[in-house]
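Written below as structure tokens is the structure these notes are about.
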Amino acid sequence: MFRRKFFGITAMAAVALSLAPLYGSAYAATPQAPIPPGAAWWKEAVVYQVYPRSFNDTNGDGIGDLNGITAKLDYLKTLGVDVIWLSPHFDSPNADNGYDIRDYRKVMAEFGSMDDFDRMLAEMKKRGMRLIIDLVVNHSSDEHQWFVESRKSKDNPYRDYYIWRDGKDGGAPNNYPSFFGGSAWEKDEATGQYYLHYFARKQPDLNWENPKVRNEVYDTMRFWLDKGVSGFRMDVIPFISKQNGLSDLPADKLAHPEFVYANGPRVHDYLQEMNREVLSRYDTMTVGEAFGVTFEQAPLFTDARRKELNMIFHFDIVRLDRDGWRKKDWTLPQLKAAYAQIDRTGGTHGWNTSFLTNHDNPRSVSHFGDDSPEWRAVSAKALATMMLTQRGTPFLYQGDELGMTNYPFRGIEDYNDVEVKGQWHDFVESGKVPAEEYLSHLRQTSRDNARTPMQWSAAPNGGFTSGKPWLAVNPNYTRINAASQVEDAGSVYHHYRRLMEVRRQTPALIHGEFRDLDPANPKVFAYTRTLDDKRYLVLINFTRETVVYGLPEGLKIAATVLDNGAAQQPVQPGAASVSLQPWQATIYEL
Ligand code: NOJ
Ligand code: CA
């Protein structure tokens, strides 16, 4: 087993220290300390998600590519990234931007070749970075050879690789809805039977009951692990086991089928088998996308004693204010309650993730911060402080380190997402919801908000491509871009970089106990992280106003570790209260 250097002080730390006085920081490197029990490289790492289509285009076709990722590894290394999670890079007809895989062992032609992949991985390793890839095995593409065979006839040897049923009363076998609109069943002309697809018609669900399917998946996993990848993000993994009998959903479950789809009877058998057969034989990191998994069920996936997954993504933060495509209001106490619950589900034997967005969600600053010109940067830094000081492995999504914002969508024609097209048909074209109502929510909830290309510079198309980008670049790239932020020590980018450095050198911020000091406070998130005799306080003002926060009895600030640039002056050691400036976020040592 190999463990990453835990307390090594790198060249970047020296840079962090030299920048520290800008913020009146009293940050000092932590001296050597014993490695806490339960430590693991994947708990200490910071993960950065790359959505390759929108990351960096090197050949001018308007689509990001693997060589584009390789070209930016120094940028990511300087930021402080330890692990890259690469969204699907496999051969795909792109009905759902790669989440519909045609060949699990081939690189998508638009992204490059296997040689490009090998080079990219070697360059990551050279920099001490690891790579995890997306395992999308609840479904494949309908163009996968298995499905091409499967649909041919009822006695084809691949028939049982997918889920086929006869129709009922002249319609689909049951009332399951697809997440991308319409029924989850599609009638196939060749045999007159229906196949199941929880997502698009072009994403037929694999039949995990069939041991041949499971062995194909395990072989694929070994193929990539043997190449040197360090683990997987597992797409909708709780959905792999289907309900016995596939009966109709009760009416109250139709709007949120994920809570039924995620609860199949054999999901834990399959994950334990996968662990036994594959994961336990390599030094891996695994994170399951746990859509439909409740807080109570979470430990079933992540309790280390059960030997399934290391972590899951809980949806309770990113979906706090959502009902499908509808946006709802949220309050800070609700957000804190979700964090407290998540922290509890990690328990003594599990581990959590910390994330505020990904390729399926709006931009975090537009969602939880304030993306108006005056508050965007400072609120993005406040959110970064929150995300990187939770007890859980942080997953940062590309562009969030710049405080990139939602896109100013106008009409339906500005969207690319397959989900939007299905919903438009189901809700708007059907006359159930007025177009303007749907669009007003979609502007805030659409997945395309996070999928617009990376804003590298003030050059045309934000420096993403020399051609025509596959999805429009946010016009604010002239103001918000990597080149200008790398040059500016006070930028969102440098705040992320400093936070990662502080986290890396402060075991209490990784492993320490989390305690919310004031769950009902509607303006300030105040929590401590404690490990042995080391104790830290994080204060975040979620408003545009100055808020005087009275410290609880007995709690004495000793020093400021890192501030997001909002504090007017350092707090006097031992002060009874802190005057928090708008969107101030500060880590203190107690
Ligand atoms: C979750 C992925 O994150 C999303 O992008 C995709 O559309 C669905 N799973 C289906 O694979
Ligand atoms: Ca390209």
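The values are calculated or read from the model by the stated rules, or taken from the named source; none is laboratory data. Computed from a prediction, not measured in an experiment: that's the story for all the values here. FYI the Cβ positions are ideal-geometry reconstructions off the backbone, even for glycines, and counts take in every protein chain you see. Each accessible area value is taken on the protein alone, full model and side chains, heavy atoms only, with ligands, DNA and RNA left out. Shrake-Rupley method; radii C 1.70, N 1.55, O 1.52, S 1.80 Å.
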Any hit, the stretch 156-164, residues being open to solvent by 50 Å² or more (accessible area, probe 1.4 Å), over 26 Å from the mean Cα position of the chain (by Cα), at pLDDT 95 or above and of a type in the set (Phe, Trp, Tyr): yes
Filter result (of a type outside the set (Val, Ile, Thr) and under 30 Å from Asp160 (Cα atoms)) within the stretch 122-143: Asp134, Leu135, Asn138, His139, Ser140, Ser141, Asp142, Glu143
Subset of the stretch 49-63 [within 16 Å of ligand 1 (Cβ to nearest atom) and open to solvent by less than 10 Å² (accessible area, probe 1.4 Å)]: Gln49, Val50, Tyr51, Pro52, Ser54, Phe55
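May I ask you to list the residues in the stretch 274-291 that are surrounded by fewer than 17 Cβ atoms within 10 Å (Cβ to Cβ) and part of a helix (DSSP H, G or I)?
Let us first name the residues in the stretch 274-291 that are surrounded by fewer than 17 Cβ atoms within 10 Å (Cβ to Cβ), namely 276-277, 280-283.
The answer is Arg276, Glu277, Ser280, Arg281.
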Criterion: under 23 Å from Trp208 (Cβ atoms), open to solvent by 10 Å² or more (accessible area, probe 1.4 Å), modelled with pLDDT of 95 or more and in the same structural domain as Ser230 (by the TED database) - qualifying residue of Arg130, Arg105, Arg151: Arg105
Lone unmet requirement of (1) open to solvent by 40 Å² or more (accessible area, probe 1.4 Å); (2) without any contact (Cβ under 8 Å) to a residue 40 or more places away in the chain for Lys202: (2)
Breaking point among (1) within 16 Å of ligand 1 (Cβ to nearest atom); (2) assigned by the TED database to the domain that holds Ala340, for Glu277: (1)
Answer residue from the stretch 64-105, given it is touching a residue at least 60 places away in the same chain (Cβ under 8 Å) and in a strand (DSSP E or B) and is nearest to ligand 1 (Cβ to nearest atom) among those: Trp85
Failed condition for Lys468, given (1) in a helix (DSSP H, G or I); (2) more than 30 Å from Asn352 (Cβ to Cβ): (1)
Conditions (1) in a loop (DSSP other than H, G, I, E, B); (2) within 16 Å of ligand 1 (Cβ to nearest atom); (3) over 21 Å from Tyr198 (Cβ atoms); number of the one not met by Glu143: (3)
Residue count for the stretch 428-460, restricted to those that are over 24 Å from Ile317 (Cβ atoms) and either in contact with a Pro (Cβ under 9 Å, 6 or more places away or on another chain) or without any contact (Cβ under 8 Å) to a residue 40 or more places away in the chain (or both): 16
His268 assigned to a loop (DSSP other than H, G, I, E, B) and not assigned by the TED database to the domain that holds Leu539: no
